[in-house]
Amino acid sequence: MVSDFLSDQIKRVAPSATIHMAQMAREMVAQGHDVISLAAGEPDFDTPVHICDAGQQAIIEGKTRYTSVDGIVELKQAICEKFAHDNGLNYRVSEINVSPGGKAVIFNAFKATLNAGDEVLIPTPCWVSYPEMVSLCGGTPILIPCNMSKSFKLTASALRAVLTPRTKWIILNSPSNPTGASYTHEELVALGEVLLEHPDVLILTDDIYEHLLFDDRKFATIAASVPALKSRTLTMNGVSKAYAMTGWRIGYAGGPEWLIRAMRKVMSQSTSNPSSISQWAACAALTGPQGFINEWQNSFQKRRDFVVNSLNNVDDIECLKPDGAFYVFASCQGAIGKMMPDGRKIKNDKDYAEFLLSDGLVATVPGSAFHLDGYIRLSFACGQDQLNHAMTRIKEFHSNLC
Ligand code: PLP
């Protein structure tokens, strides 16, 4: 049996549902179906030219060799400046990690710290990879349900109720994938007060959607909102979403030196350094012009408004207006229990997403992938034309349900 060769850990891990839906959509397209994919999690903009030029220049200048394991000094300095300028956080170069993507930053941090029995608190709905990465690294994910009536956010009292002596980490993600919910400074202070009572808990804040925040909201991050927590917080970020650099694979974090050193050790025996070319491009991203970020934000905000209004006009669908990121997390509970025209019953959100893809030709991701059933996640990181068609198709799909 092939499965006998597999580790117990990998058997426990679920494949990424977002990648699965995107793959199903691609296969349907390859078969000639005109599918609109709202499943992907990447901006539809191209990487800005000056960033691509910096990558090309790195190749021309022969900057194509191994670099120091967790990032070149020039990039680490740019990251320190970014943290100071944007977030009011002062990190030294020795407190910075650069990994091949934000995902790898998180994985390296968990690999460096989790022992069997260690619990990681994860407010849900959450990004698909958090619980699986915790399991892969030998820890135990503890999911904290945060429902729509609480704007999908963790409250101080809910946090207090789940902390135990086994809690090693808590993950915060603002703006959130999949809900777009964001924490204000005051909300982080309230959570921080609880965490100050638990000095053995580490905090991972995933700030990858920092620059996708709408309606003039001010971005807040816990190490700045509650400075007393900075010494046990890993502030993670990356260039994937802010600079449309998903394929370049650069993520970074600021954190305590002991943790950064341990993460470097993980990298030194696994991936080694992120691509040298991508590191130089990321340097250009962080130190170059930032004006386009606002333009992209405005464009995403317009698309968000369109998608939210369109969805809330469909019977059986209900959604909140996300504060940031480029996802709408919509309840499809009204459609569950209904029949497709050919008699198939929609039993749950997985059926809903599957039938919407097969019959409505719109790819989304079921909420259960993010640990909240009865919802779907739609990405609005695609062109307005595609969004127009997708919303028309969703409306039509619903009008055929009985
Ligand atoms: N964190 C969240 C919440 C995400 O949605 C993603 C990507 O989808 C990442 C981290 C990882 O980003 P990357 O590995 O591309 O830097």
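The values are calculated or read from the model by the stated rules, or taken from the named source; none is laboratory data. Quick caveat, the model's predicted, so the values are computed rather than measured. Cβ coordinates were reconstructed from backbone atoms using ideal geometry, including for glycine residues, and neighbour counts include every protein chain displayed. Surface accessibility is based on the protein's heavy atoms, side chains included, excluding ligands, DNA and RNA. Shrake-Rupley method; radii C 1.70, N 1.55, O 1.52, S 1.80 Å.
Would you mind getting me the FRET efficiency between Thr140 and Asp46? Use the beta-carbon distance for r and R0 = 35 Å, nearest 0.05.
Numbers: r = 41 Å, r/R0 = 1.17.
After rounding to 0.05, the efficiency reads 0.30.
A Förster radius of 45 Å, combined with the Cβ-Cβ distance separating Arg65 from Ile293, puts the computed FRET efficiency at roughly 0.90.
Take every Cα pair under 8 Å whose residues are at least 6 apart in sequence, average their separation, divide by the length of segment 57-158, and the relative contact order is 18 percent. Take the Cα of Lys338, go 7 Å toward its beta carbon, and the backbone nitrogen atoms of segment 376-402 under 16 Å from that spot belong to 376, 391-402.
Start at zero, step by 20 Å, and the Cα-Cα distances of the chain spread as 27, 58, 15, 0 percent across the bins.
Note on segment 193-290: Cα convex hull, mean projected area over all directions, 7.8 nm².
Tell me, in nm to one decimal, what length is gained between Asn309 and Asp4 on full extension, where the rule is 0.36 nm per residue of separation less the Cα-Cα distance? If you can, show how the numbers build up before the last one.
Values: separation 305, 0.36 × 305 = 109.80 nm, distance 5.03 nm.
Extending this stretch completely gives an extra 104.8 nm.
Sort largest first and round to whole Å: the equivalent ellipsoid semi-axes of segment 49-287, each the square root of five times a Cα gyration tensor eigenvalue. Write out the running numbers ahead of the final one.
Numbers: eigenvalues 174, 78, 49 Å².
After diagonalising the Cα gyration tensor, the semi-axes are 29, 20, 16 Å.
Quick one: net charge around Ile293, please, counting Lys, Arg +1 and Asp, Glu -1 for every other residue with C-beta under 11 Å from its C-beta.
Numbers: positive: Lys241; negative: Asp86, Glu210, Glu295.
With Lys, Arg at +1 and Asp, Glu at -1, the neighbours total -2.
How big is D, in µm² s⁻¹, for segment 32-94 by Stokes-Einstein at 4 °C and 1.567 mPa s if Rh is the Kirkwood radius over C-alpha pairs? Can you show the working numbers first?
On the way: Rh = 15.4 Å.
D = 84 µm²/s.
Distance between the modelled labels on Glu81 and Val189, one decimal in nanometres: 3.2 nm (7 Å Cα→Cβ projection).
Panel note: the C-alpha atoms of segment 24-132, placed on their principal axes, show extents of 51, 49, 30 Å (largest first).
Take every Cα pair under 8 Å whose residues are at least 6 apart in sequence, average their separation, divide by the length of segment 49-287, and the relative contact order is 30 percent.
At a 1.4 Å probe radius, carbon and sulfur cover how many percent of the accessible area of segment 49-287? Kindly include the intermediate steps, with their values, before the conclusion.
Numbers: 4900 of 9180 Å².
Reported share for carbon and sulfur atoms: 53 percent.
Largest mean-square fluctuation among Ala116, Ala25, Ala381, in a Gaussian network model of the chain whose springs join Cα atoms under 10 Å apart, belongs to Ala116. Per the Cα gyration tensor, segment 261-364 maps to an equivalent ellipsoid with semi-axes of 40, 23, 12 Å, ordered largest to smallest.
Rounded, prolate or oblate, given the Cα gyration tensor of segment 101-140, with a/c below 1.5 counting as rounded? Intermediate results must be reported in sequence, preceding the final value.
Working: a/c = 2.13, a/b = 1.10, b/c = 1.94.
Note, shape of segment 101-140 comes out oblate.
Evaluate Rg over Rh across segment 324-402, taking Cα atoms for both radii and Kirkwood's formula for Rh.
Details: Rg = 12.2 Å, Rh = 12.7 Å.
Ratio value, two decimals: 0.96.
For the listed residue pairs Lys302/Lys338; Lys111/Lys153; Lys103/Lys265; Lys150/Lys218, the alpha carbons are over 25 angstrom apart in Lys302/Lys338; Lys111/Lys153.
Placing dummy labels 7 Å off each Cα toward the beta-carbon, the span from Asp385 to Ser149 is 4.5 nm. For the chain, the longest principal axis of the alpha carbon atoms and the long axis of helix 49-60 meet at an angle near 50°.
Using the Cβ of Glu193 as centre and a radius below 12 Å, the other residues enclosed give a net charge of -2, where K and R count +1 and D and E count -1. Computed over segment 126-183, the convex hull of the alpha-carbon atoms projects to a mean area of 4.1 nm². The residues packed around Asp86, meaning those with a beta-carbon under 13 Å from its beta-carbon, carry a net charge of -1 if Lys and Arg are +1 and Asp and Glu are -1. Most simply put, segment 49-287 has about 30% antiparallel DSSP beta bridges, counting only bridges with both residues inside it.
What 222 nm value per residue comes from the helices of the chain, counting each DSSP H run with n ≥ 4 as -39,500 (n - 2.57) and dividing by all residues, nearest 500 deg cm²/dmol? Can you show the working numbers first?
Numbers: 14 runs with 156 residues, N = 402.
The helix contribution divided over the chain gives -12000 deg cm²/dmol.
Using 0.36 nm per residue and subtracting the Cα-Cα separation, the extra length available between Arg160 and Lys302 on full extension is 47.4 nm.
For the chain, with every protein chain kept in place, what is the accessible area per residue (1.4 Å probe, Å²)? Before the final figure, lay out each step's value.
Details: 17190 Å² over 402 residues.
With all protein chains present, the chain gives 43 Å² per residue.
Taking the C-alpha atoms only, the angle from helix 102-113 to the longest principal axis of the chain is near 60 degrees.
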